[in-house]
Amino acid sequence: MPEPAGEAAVRPYRPADRAAVYDVCVRTADAGGDARGRWSTDDLMPDLFAGPYVDLEPERAFVLDDGGQVVGYVLGTADTAGFVAAWRERWLPRLADRYPAPPDPPRTPEEAMTALLHRPERMLLPELAGHPAHLHVDLLPAVQGAGWGRALIETFCAAVAAAGAPGVNLGVDPANNRALGFYARLGFTEIAVPGATGVVYLGRPTT
């Protein structure tokens with residue numbers, strides 16, 4: 001596949017990229033828009049959707065570097081079941097004091113998000129078993145539409161295929177129509193998950 005034009009490049013994640021990854025995450029966490037100021041802390045979305053990946057499975061993390069800063073990334077795991085166990089054992093204890101378990105059922109949108117931190121097993125859905133890898137990909141608006149999302153996803157898929165994962169899944173906010181169209185062009189199709197609310201699950205082979 002030809003490289004998209006420009007000076008940016010996809011490369012493996014480095015520990016020094018962590019703050020930049022958190023920044024990209026929160027700036028794209030509102031159905032693709034900027035979520036800064038929406039929650040009580042701007043770290044909430046990254047602590048759910050970025051931190052556990054770069055800390056627990058950094059070898060599956062890749063960033064888009066524009067020559068001076070990280071402007072996008074793909075994060076994920078080759079083995080969702082193993083990742084869930086690591087989240088429960090190693091990630092949740094780090095954050096449980098900062099984000100106490102909310103009541104069940106949650107009473108506010110923020111409590112609903114915090115509940116996700118305390119329930120990593122939510123990722124273990126039988127309908128997704130044929131797609132054991134999963135990913136999150138985000139790009140800042142300035143670098144969207146130039147082929148970098150495809151480049152990041154193909155880089156990730158090659159990495160998890162080499163680790164033995166035959167398929168990859170992801171969840172999309174059903175309000176994010178641009179993302180839904182993007183994933184369709186990359187060969188993702190919907191995986192029916194009865195009872196799923198607020199998320200559409202998509203999957204494709206890794207090769």
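The values are calculated or read from the model by the stated rules, or taken from the named source; none is laboratory data. Just so we're clear, the structure is a prediction, and the values are computed from it rather than from any experiment. Here the Cβ positions follow ideal geometry from the backbone for every residue, glycine too, while neighbour counts run over all protein chains shown. Heads up: the accessible areas ignore ligands, DNA and RNA and are worked out on the full protein's heavy atoms, side chains in. Shrake-Rupley method; radii C 1.70, N 1.55, O 1.52, S 1.80 Å.
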Normalised by the residues of the chain, what does the relative contact order come to in percent, with Cα pairs under 8 Å and at least six apart?
21
Through the Karplus equation 6.51 cos²θ - 1.76 cosθ + 1.60, θ set to phi - 60°, convert the phi angles of the stretch 85-90 into ³J(HN,Hα) values in whole Hz; use x for Gly and Pro.
4, 5, 4, 4, 8, 10
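Based on the Cα gyration tensor of the stretch 112-207, what are the three equivalent ellipsoid semi-axes, each the root of five times an eigenvalue, rounded to whole Å and given largest first? Let's see the in-between values first.
Details: eigenvalues 89, 64, 34 Å².
Those come to 21, 18, 13 Å.
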Semi-axis lengths, Å, the stretch 44-135, gyration tensor of Cα atoms, sqrt of 5 times eigenvalues:
24, 18, 12
Using alpha-carbon positions, the gyration tensor of the stretch 110-157 gives root eigenvalues a ≥ b ≥ c; with a/c under 1.5 called rounded, otherwise prolate if a/b exceeds b/c, else oblate, the class is oblate
One finds the C-alpha centres of the stretch 136-173 and the stretch 64-129 to be spaced, in Å, by 18
Can you tell me the mean projection area, over all orientations, of the convex hull of the stretch 1-87's alpha carbons? Units nm², please.
6.8
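At 222 nm, what value in deg cm²/dmol follows for the chain if DSSP H runs of at least 4 each add -39500 (n - 2.57) and the sum is divided by all its residues, to the nearest 500? Intermediate results must be reported in sequence, preceding the final value.
Working: 8 runs with 67 residues, N = 207.
Value at 222 nm, helices only, nearest 500: -9000 deg cm²/dmol.
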Accessible area of L95, 1.4 Å probe, to the nearest 10 Å²?
20
Distribution output for the chain: share of Cα-Cα pairs per 5 Å bin in percent, first bin at 0, values 1, 7, 16, 20, 23, 19, 10, 4, 1, 0, 0
I'd like the accessible area for H118: 1.4 Å probe, protein heavy atoms, all chains in place, Å² to the nearest 10.
40
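On average, how much accessible surface per residue is there in the chain, in Å², for a 1.4 Å probe, leaving out ligands, DNA and RNA?
On a per-residue basis, the chain sits at 48 Å².
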Quick calc, the chain, dipole around Cα centre from Cβ unit charges on Lys, Arg (+) and Asp, Glu (-), nearest 20 debye, gives 200
Say the dipole of the chain comes from +1 at the beta carbon of Lys and Arg and -1 at that of Asp and Glu; which of Y201, V84, Y13 then lies farthest toward its positive end?
Y201
